[in-house]
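The structure under discussion appears below in the form of structure tokens.
The values are calculated or read from the model by the stated rules, or taken from the named source; none is laboratory data. Keep in mind the model is a prediction, meaning the values are calculated, not measured. Note: ideal-geometry Cβ built from the backbone for every residue, glycine included; neighbour counts use all protein chains shown. Areas reflect the complete protein model, heavy atoms only, side chains present, ligands, DNA and RNA absent. Shrake-Rupley method; radii C 1.70, N 1.55, O 1.52, S 1.80 Å.
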Amino acid sequence: MTEASEIERVYREVGNRLWWALLAYTGDREMASDAAAEAFARALAAPDMIRDPAAWVWRVAFRVATTLLRAPKTTSDREATYEIDDRAADVMLALKRLPPKQRAVFVLFYLEDRPATEIAELLEMAPATVSVHLHRARRKLRAILGDDDA
């Protein structure tokens, strides 16, 4: 059983990292903010139903972000990245071209430095599936970016 104070602790400890991971996943600051806020709001609404608040918030935030990504877009991709340098913008746009599961696995593995087993648990898939998504994401990003180091 989790208390609201535990949710607040999780927010202080991982809120910023979660937002950056969601930004990399969605490519959109507002979507990242909305997904993070919604995940924490849901956690605060029913803290007694959550056993592991950090894992729960990450899982819900990525689910909310996935739902937001499926909604119709109102701005161009380049317009949404105006405050990011060109190389980072290229990477963000390349990430948006990956299927959602590949993008989520890539972001959690490389930006969050999470092991495949933890990613599997967060995204509710087998560890072998995480490895396949990661391999395919790297291959596709190399092709998109034309970079052998991707």
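Couple of notes before you dig in:
- Among the residues of the stretch 40-51, just one is in a loop (DSSP other than H, G, I, E, B) and among the basic types (Lys, Arg), namely ARG51.
- Yes/no for ALA126 being in contact (Cβ under 8 Å) with a residue 12 or more places away in the chain, of a type outside the set (Val, Ile, Thr) and open to solvent by less than 60 Å² (accessible area, probe 1.4 Å): no
- Within the stretch 92-123, the set of residues being of a type in the set (Val, Ile, Thr) and surrounded by fewer than 20 Cβ atoms within 10 Å (Cβ to Cβ) comprises THR117 only.
- The set of residues from the stretch 85-103 being of a type outside the set (Lys, Arg), within 18 Å of THR66 (Cα to Cα) and out of contact with any Leu (no Cβ under 6 Å at 6 or more places or on another chain) comprises MET92, LEU93, LEU95, LEU98, PRO99, PRO100, GLN102.
- Criterion applied to ALA37, ALA32, ALA21 was being of a type in the set (Gly, Ala, Ser), open to solvent by 10 Å² or more (accessible area, probe 1.4 Å) and either closer than 22 Å to LYS96 by Cβ or part of a loop (DSSP other than H, G, I, E, B) (or both), and the one residue passing it is ALA37.
- Taking the criterion of being assigned to a loop (DSSP other than H, G, I, E, B) and at pLDDT 90 or above, the only residue of the stretch 52-80 that qualifies is ASP52.
- Sole exception among (1) open to solvent by 90 Å² or more (accessible area, probe 1.4 Å); (2) without any contact (Cβ under 8 Å) to a residue 12 or more places away in the chain; (3) under 28 Å from VAL91 (Cβ atoms) for ARG12, by number: (3)
- Within the stretch 85-122, the residues that satisfy the criterion of being of a type in the set (A, V, I, L, M, F, W, C), modelled with pLDDT of 90 or more and part of a helix (DSSP H, G or I) are ALA104, VAL105, PHE106, VAL107, LEU108, PHE109, ALA116, ILE119, ALA120.
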